[in-house]
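Heads up, the thing below is written out as structure tokens.
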């Protein structure tokens, strides 16, 4: 028969709970580290969102519609100041409240406070008069009410096209400006 002293039981109990505590701490530490790695790998470009998702946004100023955006999905962040749209079509209106230019893009970052849009991915647009406008980068300044484009701007009308470096579209004034190293070409 084994004879254990009272002190042995206390030391054994303390060691048991100490080892159990270390195992519990290490298990939680490993789970926390794995969840941080997973969240770092799968975090979208926007801050966390509520389950606030829509497919339609409209920008109004002084009872005048600036733009109307329809998308496959629009995610609005938790503070309601930024949004992200996917597979979208955005119509910009002139002062007569008629469509002036229609922009289609893979995605857009939207600043809801300034009503500004930064289009991403493949961007194509068409003026209400039929011209096709192709550009690499496009941005709507909601405060100035100007649509900017840059990098390989190309406007096609019928068999001719105009190539430039920068684009400015003023929908309310029904004005499209292209500038920088302009070239006019006619398709054969």
**Request:** Taking residue 92 as the residue in question, decide whether it is in contact with a helix residue (DSSP H, G or I) (Cβ under 6 Å, 6 or more places away or on another chain), in the same structural domain as residue 65 (by TED's automatic domain parsing), under 16 Å from residue 70 (Cβ atoms) and surrounded by 16 or more Cβ atoms within 10 Å (Cβ to Cβ).
**Result:** yes
**Asked** For the range 121-179, how many residues meet the condition of being more than 18 Å from residue 98 (Cα to Cα) and free of Cβ contacts under 8 Å to residues at least 12 places away in the same chain?
**Response** 3
**Asked** Just for the range 85-120: of the residues that are touching a strand residue (DSSP E or B) at 6+ places or on another chain (Cβ under 7 Å), closer than 15 Å to residue 143 by Cα and not in a strand (DSSP E or B), which one is modelled with the highest pLDDT?
**Response** 115
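The values are calculated or read from the model by the stated rules, or taken from the named source; none is laboratory data. All values derive from a computational prediction rather than experimental measurement. Note that each Cβ is placed from the backbone with ideal geometry, even for glycine, and that neighbours are counted across all protein chains shown.
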